[in-house]
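For reference, the structure is listed below as structure tokens.
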Amino acid sequence: MEYKVKDIKLADEGEKLVRWAEQHMPVLMDIRRDFEKEKPLKGVRIAACLHVTKETAVLIKTLKAGGAKVALAGSNPLSTNDSVAAYLAKNGIATYAWRGNNKEYYWCIEQVLKIKPHVTMDDGGDLITTLHTKQKDLLKYVIGGTEETTTGVNRQRVMEKEGILRYPIIAVNDAMTKHFFDNRYGTGQSTIDGILRATSLLLAGKNFVVAGYGWCGKGLANRARGMGAKVIVCEVDEIKALEAAMDGFQVMPMKEAAKIGDIFVTVTGNKHVIDGDAIKRMKDGAVIANSGHFDNEINVEWLEENAVSKEEIRENVTQYTLQDGRKIYLLAEGRLVNLAAAEGHPPDVMDMSFANQALAVKWLVENKGKLQNKVYGVPEEIDREVAKRKLKTMGIKIDRLTREQIKYMKSWKEGT
Ligand code: NRN
């Protein structure tokens, strides 16, 4: 099996990381046992572009257990764990990923497409976009794809609207058991994790500015408040701004927050949310980070052009010195700080996201040829099955509707 990783000798270390994740992803391991018996993915070729983490390895092994042949590229040049990549390469996965593969990022995607995939599994949309632009000849093999994250789903929805989407996509991100948990609690915790590992700074008492109050921003604002930070939210959407205000956060425009913020995090899915204008207003020593999928949320080019010097002062911390001597600290080159400076979301929450991925691929194969070239949600029965299985692993039992209640819910006559 072809592969390109940093160092195949790191495989043993990777094996330990993956074993740890397997012990904390009970729903996905349960699905792996089913897949081993049923082989629902027998003969299916899957090209994946995911963050190469210990959690992703558990998903990839599950797909392989189901009979699939899998090729994997990293979904961000800084998010690959080289030990996990080595472990996967040593275990029959065509893995093309190593930390820092900036220039070769698209070369890796081209390598995994050589598998001539029936199914694409994407995180952010670069694999799907490459297929629809540079490798259209491979589209004839594809029966469908899945998409892990908000940014990717947004891109595929635009492709559908413009009539250029050439195969059905399941928006795993939109599953309730994905974004209510992964985006909120996963991004919330792992972003704090990335900031702490990179800076080892105190959060309590700091002005912590969160740009974007979607599910990721909600989770992050709450986790930062839990650490004692004074959280400020910046938004462009009136409804989300209202929600943030009534959740007890200060809300103000970025140009005002820039003057008082100590730590800034972008989680908007948009571009240049922290621009030169904001950076010019920042205090000496301000820390800026991004936790959105792409690294364009912070205008790093502005920093590169306007700083008089820059220094890698800590791993994942670039110190930019401005003309007037103020220092600005950029984390992880502006790339997603949770995966670049830490390990991404915890395995216990990726358990549900990746259970949806595995069951969505199975559903795609079962519905081969019956779907249109559009973006589908995860079927609700799959979503709820993941929730039921997760509750069971947590030892949580819930009530059931009585026959009388079911009747009542379906009637309109009974009033006060
Ligand atoms: N540990 C992880 N492994 C991880 N943490 C977050 N993500 C991860 N993928 C693999 C992804 C989330 O599902 C990043 C995506 O952008 C987000 O949707």
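FYI, it's all coordinate maths here, none of it is from the lab. Not measured: the values here are computed from a predicted model. Heads up, the Cβs are rebuilt from the backbone with ideal geometry, glycines too, and the neighbour counts pull from every protein chain shown.
Of all beta bridges that DSSP places with both ends in the chain, some 20 percent have antiparallel geometry. Our helix-only sum for the chain, with -39,500 (n - 2.57) per DSSP H run of n ≥ 4 divided by its residues, gives a mean residue ellipticity at 222 nm of -12500 deg cm²/dmol.
The local environment of Met282, defined by Cβ-Cβ distances under 15 Å, has a net charge of +2 under the rule Lys, Arg +1 and Asp, Glu -1. Mind scanning Lys54/Lys370; Lys4/Lys61; Lys116/Lys388; Lys9/Lys362 and naming the pairs with a C-alpha gap bigger than 27 Å? Pairs exceeding 27 Å: Lys54/Lys370; Lys116/Lys388; Lys9/Lys362. Largest GNM mean-square fluctuation among Arg99, Arg403, Arg45, using the chain with Cα springs under 10 Å: Arg403. Cα centroid separation, the stretch 342-365 to the stretch 14-93: 10 Å. When the Gaussian network model of the chain links Cα atoms closer than 10 Å, the mean-square fluctuations of Gln405, Gln357, Gln250 top out at Gln405. Screening the chain for whole DSSP H helices with an alpha carbon extent of at least 15 angstrom along the helix axis and a mean Kyte-Doolittle hydropathy of at least -0.5 yields 54-65, 187-199, 347-366. In the elastic network of the chain, a GNM with C-alpha springs shorter than 10 Å, the most mobile of Thr393, Thr321, Thr268 is Thr393.
Residues Met159, Met176 in ascending order of nearby Cβ atoms (within 10 Å, fewest first): Met176, Met159. Once both labels are positioned 7 Å from their Cα atoms along Cα-to-Cβ, the gap between Ile396 and Lys413 label points is 3.8 nm. Using C-alpha pairs under 8 Å with a sequence gap of at least 6, the mean separation divided by the residue count of the stretch 260-416 gives a relative contact order of 16 percent. The residue among Met394, Met350, Ser411 whose Cα reaches farthest toward the positive pole of the charge dipole of the stretch 350-413, with charges on the beta-carbon of Lys, Arg, Asp and Glu, is Ser411. Label-to-label distance, Val308 versus Lys271, with points set 7 angstrom from Cα along the beta-carbon direction: 3.2 nm. In this structure, Gln250 and Asn296 have a Cβ-Cβ separation that, at R0 = 25 Å, corresponds to a calculated FRET efficiency of about 0.45.
For the residue pairs Lys37/Lys136; Lys6/Lys178; Lys114/Lys136; Lys230/Lys283; Lys6/Lys42; Lys103/Lys178, the C-alpha atoms sit more than 23 angstrom apart in Lys37/Lys136; Lys6/Lys178; Lys6/Lys42; Lys103/Lys178. Each Lys and Arg adds +1 at its Cβ and each Asp and Glu adds -1 at its Cβ; summed about the Cα centre, the chain shows a dipole of about 1280 debye. With R₀ set to 41 Å, the beta-carbon distance separating Ile260 from Thr129 gives a calculated FRET efficiency near 0.60. If R0 is taken as 51 Å, the Cβ-Cβ distance between Asp324 and Glu380 corresponds to a FRET efficiency of 0.35. Each of Tyr87, Tyr408, Tyr329 was scored by other Cβ atoms within 10 Å of its Cβ. Listed from fewest to most, they are Tyr408, Tyr329, Tyr87.
Tell me the label-point distance for the pair Asn373, Arg99, using the 7 Å Cα-to-Cβ offset, in nm and rounded to one decimal. So the two model labels end up 4.1 nm from each other. Placing unit charges on the Cβ atoms of the charged side chains and taking the dipole of the chain about its Cα centre, the candidate lying farthest along the positive direction among Ala11, Gly369, Leu28 is Gly369. Of the residues Asp182, Asp275, the one with the fewest other Cβ atoms within 10 Å heads the list, and the complete ranking is Asp275, Asp182.
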